[in-house]
Structures are given as structure tokens and as C-alpha cells.
Amino acid sequence: MHFIQKHILDELRLMGDMRYAALQPEGIESGHFRYHLKELEREGYVASPKRGVYQLTTKGQHFVDRLSRGSVNAVNMPKVITYTLLTQDDNYLLQRKDKQPYKGLLNMIGGKVHEGETTAVASSREVYEKTSLAIEAPALSGVCEILIRDGDALLTHVIAYIYSAEVANSTSHDLVAIPISELANAEGLAPDTIPIISSLHEGGLVLATFELTLQ
């Protein structure tokens, strides 16, 4: 995004609405400024409710919510995900991850929350998409922050909403049953599996933070 367009969005974010003359920065030629203002209008970020006055559209407000003042680019932020811990009888049902950073390791059913959906809906959707199991009302068990590093390099940073659900009958070939009593000794688990599940049993997760190293 051009710095003039970022300037316009920053000013409108702070002021609400502004006249053309007030929006134009000093030292910027009028035709050059007008071009970038029109580009923002064309892309649907800015509108003119009355002649000579400009304000952010809903699309514009949504866009600037992801920006830092003075930065042209959106700020990198932690991903928001759900983890869903499935149980059946006396077993946890875990899934082997098919991509990094946990490729090949067992973990809870996880996935990103899509914009516009609640985390409960995301939990049910992810479970269905990845296992074909339908869970209608997963129980929210806690929220945690997870940072995974490989040495000094940050691999992933997520805010995870942890849900749980009991499965009556699982026929999914993608799930591995781990006896609850044997989880601590199970091999091939993702590094955050045991810390999160242990915290659930110790009274729940309330903005717990896990800083882990990928083995």
C-alpha cells in the first residue's frame, strides 16, 4: 500500500470524517494525492457521504483494525485456533498431524478459527472436516497461549480455545485411541498435548501460557 493511502486511512481512523483539504498532507501534489484517494474509494475503503467530506467504509474500518499507526503493512498477529479433545469411554482420541510444525505427531483436533464464526462453531467444523464426526455442542474447557520455538526461531504463536467432547462411536480411521491412564507414557505426542491436557485436569486453563521447544 502506498504511504499516501496509509496516511489517509490513519487520519480517517483517528478523526472519523475529514474534508479533502485537511486530509491532503503538506508537500504532496494535489493530483498525486487525488489519485490515491480515488484508489481507496474505488477499492471500497473510503467513501464520501457528502461533497468534499470523506470517511472510512465498513470495509475500511475492518482493514485498519489490523494496522499499526505509521505502518503500511498489517501487523503479524498470533493465529486464533481451536483444539478439541475428543474422548471415547476411557480413551483420548488424537489425530496424527499432516503438516508442520507437528507433522507426524499426535495431538488434539486443531484448526484456525475463520473470521465471522464463533470458536464453538470452529471446533465443531474442524472436527467434522478432519474426522467426519459430528459434534454439536463441544464444551469450552479453557483458553491458552502457545509459543513453539526451534532454538531461537519462533515457529508458531497461537491463541487456542480448548474444547472437549465425548464421542459415542468413532469409526474414523484418522484417530488414534490413547488410554487416558497411559497418556503420560505415550510416544509421538506433539509437545503441547500433555501440558494442555494436564492443565485441564488440574482445574482448567485460564489464559495459561506454554512456551515450548520443538524436539
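The values are calculated or read from the model by the stated rules, or taken from the named source; none is laboratory data. Remember, it's a predicted structure, so these values are computed and weren't measured experimentally. Here the Cβ is made from the backbone with ideal geometry for all residues, glycine too, and neighbour counts use every protein chain on show.
Rundown of residues vs (1) over 26 Å from residue 211 (Cβ atoms); (2) within 16 Å of the chain's Cα centre (by Cα); (3) surrounded by fewer than 17 Cβ atoms within 10 Å (Cβ to Cβ), yes/no style:
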position: 122; (1), (2), (3): no, yes, no
position: 129; (1), (2), (3): yes, no, yes
position: 133; (1), (2), (3): yes, no, no
position: 143; (1), (2), (3): no, yes, yes
position: 186; (1), (2), (3): no, no, yes
position: 192; (1), (2), (3): no, no, no
position: 198; (1), (2), (3): no, no, yes
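For region 41-57, a residue qualifies if it is part of a strand (DSSP E or B) and either more than 14 Å from residue 4 (Cβ to Cβ) or without any contact (Cβ under 8 Å) to a residue 24 or more places away in the chain (or both), and the qualifying residues are 47, 48, 49, 50, 53, 55, 56.
Just checking, how many residues over region 158-198 are closer than 19 Å to residue 139 by Cα and not in a helix (DSSP H, G or I)? Counting residues in region 158-198 that are closer than 19 Å to residue 139 by Cα and not in a helix (DSSP H, G or I) gives 12. Here residue 103 meets each of (1) closer than 22 Å to residue 155 by Cβ; (2) out of contact with any strand residue (DSSP E or B) (no Cβ under 6 Å at 6 or more places or on another chain); (3) touching a residue at least 12 places away in the same chain (Cβ under 8 Å) with one exception, condition (3). Filtering region 75-124 to residues that are assigned to a loop (DSSP other than H, G, I, E, B) and more than 30 Å from residue 64 (Cβ to Cβ) leaves 89, 90, 97, 98, 99, 100, 101, 102, 103, 104, 105, 108.
List, please: which pairs have Cβ atoms under 9 Å, are six or more places apart or on different chains, and start with a residue in region 200-215 that is among the acidic types (Asp, Glu) and end with one that is at pLDDT 65 or above? Listed by first residue and then by second, the contacts come to 211/145; 211/146; 211/147; 211/148; 211/149. Only residues that are modelled with pLDDT of 80 or more and loosely packed, with under 15 Cβ neighbours inside 10 Å were counted in region 158-173, giving 2. Do we have any residue at all in region 98-118 that's at pLDDT 90 or above and touching a Pro at 6+ places or on another chain (Cβ under 6 Å)? Looking through region 98-118, none of the residues is at pLDDT 90 or above and touching a Pro at 6+ places or on another chain (Cβ under 6 Å). Apart from one condition, residue 21 fits all of (1) farther than 29 Å from residue 157 by Cβ; (2) surrounded by 11 or more Cβ atoms within 10 Å (Cβ to Cβ); (3) out of contact with any strand residue (DSSP E or B) (no Cβ under 8 Å at 6 or more places or on another chain); the exception is (2).
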